[in-house]
Amino acid sequence: MNLPQQSEVKIILQLLWPHKVSSIRLGRGGDGGYVVPHAALQSVDRVISCGVGTDWSFETSLRRLLGLPRNTFTFVDPTIGLYSQVKSLIYILRRSYYEIFVKKLPKSQRKYRPRDFRRQMISVPMVPLTFGQGCCRLPLIRKWVTDKVSHQSVTLNELLKGRTVGPSYLLKVDIEGAEYSSLASLTPESINKIAVLVVEFHSISNNSVQLIEIARLLSECLLPTHLHGNTSSKRIGELQVPNELEVTFVNRSLIDSTLEKAESLWNASLDRCNRQGESGWDLRRSDLDTWVAWGSNPGPPD
């Protein structure tokens, strides 16, 4: 793993540090749930969800809250399908067998838990019943999200090309590393259509420069309102920043852009560890300010 420069970690945290805004958690209590601002949801009338896998609890909660019809949701994920779900189930079984009986790893070090197996088992019959064509199913595009359009891929600009008056899209992006090139290719016109953006940045240790560029690109129109470190990911740097960050942005036109920044990252009423038994990651703004003041020094001032 390539560790980013200390200065890059500082810039990332400064650019993504959330502002104080009333928010709500939607979806599962652990991995799969996201925090979104109350006020901005009133402007949302279309939802695009890129990267679903076996968990669409966030979208289900959002649909119930807003009362939106099924055709206002678009799911984009080439792995959604009976064959892919069965294939994933077999992989979980083989991986778990290897970790339990061959390597004899303790529970805390295993990639999958019993709940992951149960969720995958449930998704196998549920996927063909939930997604596809028909008035009772959710629209699905089986393509990869990238920065280029092809018969196998689609861009975020293409997904956001619909006509709209003001920001009305809620865009969720969880595409396992492809978010960097995809978000970097967004045009100002597309960004202006986004009311709420929920994105998970993967492997920031290898993509710190790209993340800084994307954060600056988005900051022209969007304001970060929530920052959660994935508690299942590795930690990097002096502040032990999780290598995966879940960030919520809201269009500046929908909230007061003069809002104060949050004092700390962990909100006990909203944040949850991604898996049971893990410890949460918190950081106070005062600690960050002190750390930034250290410059390149190896430790805090006396």
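Numbers at a glance
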read-out	value
Within-13-Å neighbourhood charge of Ser253 [Cβ basis; K, R +1; D, E -1]	0
Long pairs among Lys111/Lys234; Lys111/Lys143; Lys161/Lys193; Lys87/Lys148; Lys143/Lys172, criterion Cα-Cα beyond 18 Å	Lys111/Lys143; Lys87/Lys148
For segment 242-247, 3J(HN,Hα) per residue [Karplus equation, 6.51 cos²θ - 1.76 cosθ + 1.60, θ = phi - 60°, Hz, x = Gly/Pro]	x, 6, 10, 10, 9, 10
Thr54 long-range amide H proximity, modeled H, under 5 Å	none
Sparse-neighbourhood loop sites, GluC sites (Glu not before Pro) in segment 189-238 - DSSP loop, at most 15 other Cβ within 10 angstrom	Glu220, Glu238
Partner aspartates and glutamates for Lys20 [C-alpha distance under 19 Å; skip if fewer than 8 residues away on the same chain]	Glu220, Glu246, Asp256, Glu260, Glu263, Asp271, Asp282, Asp287, Asp289
Estimated vicinal HN-Hα couplings, Hz - segment 61-67 in sequence order (Karplus 6.51, -1.76, 1.60; Gly, Pro = x)	5, 5, 5, 5, 5, 8, x
Distant-in-sequence amide H partners of Phe131 (H built 1.01 Å from N, under 5 Å)	Leu138
In order through segment 30-37: 3J(HN,Hα) via Karplus (6.51 cos²θ - 1.76 cosθ + 1.60), integer Hz, x for Gly, Pro	x, 4, x, x, 9, 9, 10, x
Long-range amide H partners of Ser264 with built H, under 5 Å	Arg285
Isotropic mean projected area of the C-alpha convex hull, the chain (nm²)	16.9 nm²
Shape of segment 81-125, Cα gyration tensor, a/c cut at 1.5	prolate
FRET efficiency estimate (nearest 0.05) - Cβ-Cβ, Asp287 to Gln42, R0 25 angstrom	0.15
For segment 18-118, the spread of Cα positions along each principal axis, largest first, Å	52, 34, 19
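Coordinate-derived values only; no laboratory data. Keep in mind that what you see is a predicted model, and the values were worked out from it rather than measured. Neighbour counts run over all protein chains shown; Cβ positions are idealised from the backbone, glycine included.
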